[in-house]
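Down below is the structure, laid out as structure tokens.
The values are calculated or read from the model by the stated rules, or taken from the named source; none is laboratory data. Note that this is a predicted model, so its numbers are computed, not measured. Glycine also receives a Cβ, built like all others from the backbone with ideal geometry; neighbour counts cover every protein chain displayed. Please note that ligands, DNA and RNA were not included when accessible areas were found on the heavy atoms of the full protein model with its side chains. Shrake-Rupley method; radii C 1.70, N 1.55, O 1.52, S 1.80 Å.
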Amino acid sequence: IPKETFEFDISFYLLFGLVAFSIFIKVFFSIHFKGLIQSNIFFSVANRLPRENSMVWNRLFFLLDLVFFISIPLALYIAIDYLEKVNSTNSDSVILSLIAIGGLLVFRIFRIITTGIIGFLSNQTSTFNLLKYNQFIFPRTLGILIVPLLVLIIYTPKEFGLWAFYFMLVLVGFAILLRLIRTLQVFLYKGFSIFYIILYLCALEIFPILLVYKLVVSE
């Protein structure tokens, strides 16, 4: 049986680092990560967590953000090569992944700045801090949950890896849906009217997505 040669490209080293980070988080932040998973489902848990040992949570959030900003662009890099949907070279995939990292960073900074400004101008700083915390829960959780799926996509037979890839897409869509529901929960919990909720969703949730879509399609 002929043996196929395997070259260790950048995806191998990034994935190895993600697995190492995931193991580290599981070992040293096991209890806190369990609480984070519960906060994705239960709003009451998410409201309680920020008041508990903020130093430990900040360290965990930093690690989870690091995993997220690596795992999502890596998933894009793997998707381009794996599904062969785009007729591109390896360098093109790397460039698109770097653009994805930059886009995620810009979107995160945009979210922090806009929620801070709106909270200050409306004298609702605590409300928008709570909103920001709840919105960041889902990407932080998503980043580490797709790490084992990336391993399955790369190192299992293509048929099985394809199912893992589709499951990853479902997981991403589910996280976006839960994030939208949590946004509504925060506003309703703080007593905002439906008008202001719709105004916020149109201005800071739907419009940026449409803008990015327009830029991508125009390219």
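As for the range 143-165, it holds at least one residue that is touching a residue at least 60 places away in the same chain (Cβ under 8 Å), farther than 30 Å from residue 59 by Cβ and open to solvent by less than 40 Å² (accessible area, probe 1.4 Å).
Criterion first (in a helix (DSSP H, G or I) and farther than 30 Å from residue 47 by Cα) does residue 152 satisfy it? It is true that residue 152 is in a helix (DSSP H, G or I) and farther than 30 Å from residue 47 by Cα.
Scanning the range 117-131 for residues that are open to solvent by 40 Å² or more (accessible area, probe 1.4 Å) and either in a helix (DSSP H, G or I) or among the β-branched types (Val, Ile, Thr) (or both) turns up 117, 118, 120, 121, 125, 126, 129.
Scanning the range 42-78 for residues that are β-branched (Val, Ile, Thr), touching a residue at least 40 places away in the same chain (Cβ under 8 Å) and closer than 16 Å to residue 141 by Cβ yields 67, 70, 72. Looking only at residues of the range 186-210 that are under 25 Å from residue 42 (Cβ atoms), β-branched (Val, Ile, Thr) and open to solvent by less than 90 Å² (accessible area, probe 1.4 Å), we find that the one that is modelled with the highest pLDDT is 186. Can you give me the number of residues within the range 9-55 that are β-branched (Val, Ile, Thr), modelled with pLDDT of 85 or more and either out of contact with any helix residue (DSSP H, G or I) (no Cβ under 9 Å at 6 or more places or on another chain) or open to solvent by 70 Å² or more (accessible area, probe 1.4 Å) (or both)? Counting residues in the range 9-55 that are β-branched (Val, Ile, Thr), modelled with pLDDT of 85 or more and either out of contact with any helix residue (DSSP H, G or I) (no Cβ under 9 Å at 6 or more places or on another chain) or open to solvent by 70 Å² or more (accessible area, probe 1.4 Å) (or both) gives 3.
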